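The values are calculated or read from the model by the stated rules, or taken from the named source; none is laboratory data. In this text the structure is predicted, and so the values were computed from the model without any measurement. Reconstructed Cβ throughout: ideal geometry from the backbone, glycine too, with neighbour counts over all protein chains shown. Ligands, DNA and RNA are stripped out before the accessible areas are found, and what is left, the full protein with its side chains, is counted by its heavy atoms. Shrake-Rupley method; radii C 1.70, N 1.55, O 1.52, S 1.80 Å.
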Amino acid sequence: MIVIILYLIGILHLLILNQLTFTAWPEMMSYPYLFSNGFILYKDFIIPYPPGLILILSAIFNGFGFSPFVLKTFTWILILLTDLLIYLILKKISKNNLISFIFLIIYIFLQSFLDGNMLWFDFATVVPLSFSLI
């Protein structure tokens with residue numbers, strides 16, 4: 001029953017995101033492209049961010065192609081993973097499924113309209129940091 005509710009909440013989040021414009025920031029496409037074409041981070045081009053996301057995006061783009069659709073798909077996977085991790089953290093703290101679902105739904109609406117339908121370096125750190133709280 002819990003898995004079905006989480007599945008429905010995930011679909012709700014994807015439906016909301018589908019109605020919003022996806023922002024493909026140039027940095028999310030250009031830095032992995034440069035790295036994949038032989039440029040060296042911090043030597044050939046300066047980035048003001050930690051290189052982890054660039055390395056991951058470079059590997060994903062090399063496997064699936066450099067396109068905004070691939071970036072959008074990866075972003076939505078990260079968003080759904082964040083939803084799942086937030087639910088698990090809330091369940092661990094509150095030990096109540098109803099409260100966890102209510103706060104997850106509140107988070108989904110706030111994330112969709114405040115953080116937006118995009119990938120940025122600070123959002124990409126949410127998943128690894130959330131794993132440390134489970």
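Adding -39500 (n - 2.57) for every DSSP H run of four residues or longer, then dividing by how many residues the chain holds, sets the calculated 222 nm ellipticity at -22000 deg cm²/dmol. A full extension of the chain between Leu133 and Lys95 corresponds to an added length of 12.2 nm, given 0.36 nm per residue minus the alpha carbon distance.
Contact order for the stretch 33-134, expressed relative to its length and based on alpha carbon pairs under 8 Å spaced 6+ residues apart, stands at 30 percent. For the chain, carbon and sulfur atoms together expose 75% of the accessible surface, with a 1.4 angstrom probe and every protein chain in place. Over the chain, accessible surface divided per residue gives 59 Å², non-protein components excluded, 1.4 Å probe. The angle between the Cα long axis of helix 26-36 and the longest principal axis of the Cα atoms of the chain comes to about 60 degrees, rounded to the nearest 10.
Ordered by solvent-accessible area of protein heavy atoms (1.4 Å probe), largest first, the residues Phe22, Phe131, Phe123 come out as Phe131, Phe22, Phe123. Applying 0.36 nm per residue to the separation of Ser30 and Val3 and subtracting their alpha-carbon distance, the gain on full extension is 6.0 nm.
Candidate values [x] 2, 9, 16, 16, 12, 6, 3, 4, 6, 7, 7, 7, 4, 2, 0, 0; [y] 2, 10, 19, 25, 23, 14, 6, 1, 0; [z] 2, 10, 19, 19, 18, 13, 9, 6, 3, 1, 0 were compared with P(r) over Cα pairs in 5 Å bins from 0, in percent computed on the shown model; the agreeing label is [z]. Rounded to the nearest 20 debye, the dipole magnitude of the stretch 29-134 is 280 debye, with +1 charges on Lys and Arg beta carbons, -1 on Asp and Glu beta carbons, and the Cα centre as origin. Each residue of the stretch 111-116 was assigned a 3J(HN,Hα) from its phi angle through the Karplus curve 6.51 cos²θ - 1.76 cosθ + 1.60 (θ = phi - 60°); the sequence is 5, 5, 9, 9, 7, x Hz, with glycine and proline shown as x. Here's the thing: no aspartates and glutamates lie within a cross-link span of Lys92, going by alpha-carbon distance under 12 Å and ignoring same-chain residues fewer than 8 apart. For the stretch 88-105 and the stretch 1-32, what is the separation of their Cα centres, given in Å? Between the Cα centre of the stretch 88-105 and that of the stretch 1-32, the gap is 20 Å.
Taking 0.36 nm per residue of separation and subtracting the Cα-Cα distance, full extension of the segment from Thr21 to Asp122 would add 34.4 nm. Against the main long axis of the alpha-carbon atoms of the chain, helix 52-64 sits at an angle near 80°.
Neighbours of Leu104 by Cβ distance under 14 Å: Lys/Arg scored +1, Asp/Glu scored -1, total +1.
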